[in-house]
Amino acid sequence: MRAMKRLVILISGRGSNMQAIIRAAAAEQWPAQIVAVICNRPQAKGLQIASDAGIATVVVDHQSYADRATFDAALAAAIDQFAPDLVVLAGFLRILTTEFVSRYQGRMLNIHPSLLPSFPGLATHSQALSSGVKVHGATVHFVTPDLDHGPIVAQATVAVEENDTEASLGSRVLEQEHSIYPQAIRDFIEGRIALENGQVVRT
Ligand code: GAR
C-alpha cells in the first residue's frame with residue numbers, strides 16, 4: 001500500500017477552496033490526509049469548516065508578530081510540526097518571505113484568481129474587467145519567491161460577458177478554482193507532477 005501523503009492547508013478567510021479540497025479528498029479517497037488547517041486570522045470562517053470536518057486547526061495571528069520574518073518563522077514552526085508532504089495555500093493572503101518560500105520549494109502550491117502572469121495581487125476580477133480582457137480565469141502554480149508567479153500547474157478559463165460585474169465574474173472563476181485545485185493537488189500527491197529545475201514536469 002502507498003504511504004498516505006500529509007497535507008497542510010493555509011487559509012486566511014472563507015475557506016471555500018479548502019472545503020472543495022476536503023470534499024474531493026474524501027469523495028475520491030485520495031491517498032492523503034489533511035493533517036492541519038493553519039490560518040493567520042482568528043475570526044476566519046474557514047476555521048469552523050475545518051474543525052467541523054474533524055481537522056486540527058491552528059491560528060498563527062500575523063498581528064501578534066513584529067515583522068514578516070518573525071511571523072514566517074512562527075508559521076513555519078506551526079507547519080513543520082505536522083511534517084507535511086505538501087503545503088497548500090488556499091486563499092492565504094499574506095506575502096511570504098523568500099526564506100519561507102525556499103523552505104517549501106517544490107512542495108507548496110497556490111491558487112490565484114487570474115490567468116497568470118496577468119493580474120497578480122488583489123482585486124483580480126476588477127483588474128480583468130477594467131482591462132477589457134475577453135478571457136479570464138484561475139491558475140494553480142508552485143510557489144516561488146515571486147508573488148503570484150511560479151511554474152504553472154493548471155489553469156481554467158472563463159469567458160468575460162458584456163454585463164459582468166466583479167461578483168458575477170468572480171463567482172464563475174471561483175467555481176473553476178474548486179475544480180482545478182483539488183485535481184492539481186491530487187496529481188501532486190499521486191506523483192503525476194513535480195517541480196524540477198524550476199519547471200513543472202509530468203510523469
Ligand atoms: C480565492 O479566490 C483564491 O484564489 C484567492 O483568494 C480567494 C480565497 O477564497 N487567492 C488569492 O487571491 C491569492 N493571491 P476561499 O477562502 O473561499 O478559498
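Points to keep in mind about this one:
- Of all residues in segment 151-186, those that are of a type outside the set (D, E, K, R) and within 11 Å of the ligand (Cβ to nearest atom) total 8.
- Restricting segment 1-17 to residues that are surrounded by fewer than 14 Cβ atoms within 10 Å (Cβ to Cβ) and of a type outside the set (D, E, K, R), the residue that is farthest from the ligand (Cβ to nearest atom): M1
- Which listed residue, of A20, A24, is surrounded by fewer than 19 Cβ atoms within 10 Å (Cβ to Cβ) and either among the hydrophobic types (A, V, I, L, M, F, W, C) or not in a helix (DSSP H, G or I) (or both): A24
- Pick from segment 157-167, criterion farther than 14 Å from S118 by Cβ and touching a helix residue (DSSP H, G or I) at 6+ places or on another chain (Cβ under 9 Å), ranking: least open to solvent (accessible area, probe 1.4 Å): D164
- Among residues of segment 27-43 being surrounded by 18 or more Cβ atoms within 10 Å (Cβ to Cβ) and within 15 Å of the ligand (Cβ to nearest atom), the one that is nearest to R94 (Cα to Cα) is N40.
- So V143, is it touching a strand residue (DSSP E or B) at 6+ places or on another chain (Cβ under 6 Å) and surrounded by 14 or more Cβ atoms within 10 Å (Cβ to Cβ): yes
- Segment 145-165 residues that are more than 19 Å from A90 (Cα to Cα), paired with ones that are more than 16 Å from the ligand (Cβ to nearest atom) and open to solvent by less than 70 Å² (accessible area, probe 1.4 Å) (beta carbon under 9 Å, 6 or more apart): V160/G132; V160/V133
- Long-range neighbours under 6 Å by Cβ, at least six apart or interchain, first residue within 21 Å of T70 (Cα to Cα) and at pLDDT 95 or above within segment 34-45, second open to solvent by less than 20 Å² (accessible area, probe 1.4 Å) and of a type in the set (G, A, S): V37/A50; I38/A78; N40/S12; R41/S12
- Residue in segment 44-55 that is crowded, with 19+ Cβ neighbours inside 10 Å, in contact with a Lys or Arg (Cβ under 8 Å, 6 or more places away or on another chain) and hydrophobic (A, V, I, L, M, F, W, C) present: yes
- Qualifying residue in segment 98-112 (condition: at pLDDT 95 or above, surrounded by 21 or more Cβ atoms within 10 Å (Cβ to Cβ) and hydroxyl-bearing (S, T, Y)): no
- Comparison of A154, A194 shows that the only residue that is outside any loop (DSSP other than H, G, I, E, B) and within 15 Å of R107 (Cβ to Cβ) is A194.
The values are calculated or read from the model by the stated rules, or taken from the named source; none is laboratory data. Quick caveat: nothing in here was measured; it's all calculated off a predicted structure. Ideal geometry is used to build each Cβ from the backbone, glycine not excepted, and the neighbour counts take in all protein chains shown. Accessible surface is based on the protein model in full, side chains and every heavy atom, while ligands, DNA and RNA are left aside. Shrake-Rupley method; radii C 1.70, N 1.55, O 1.52, S 1.80 Å.
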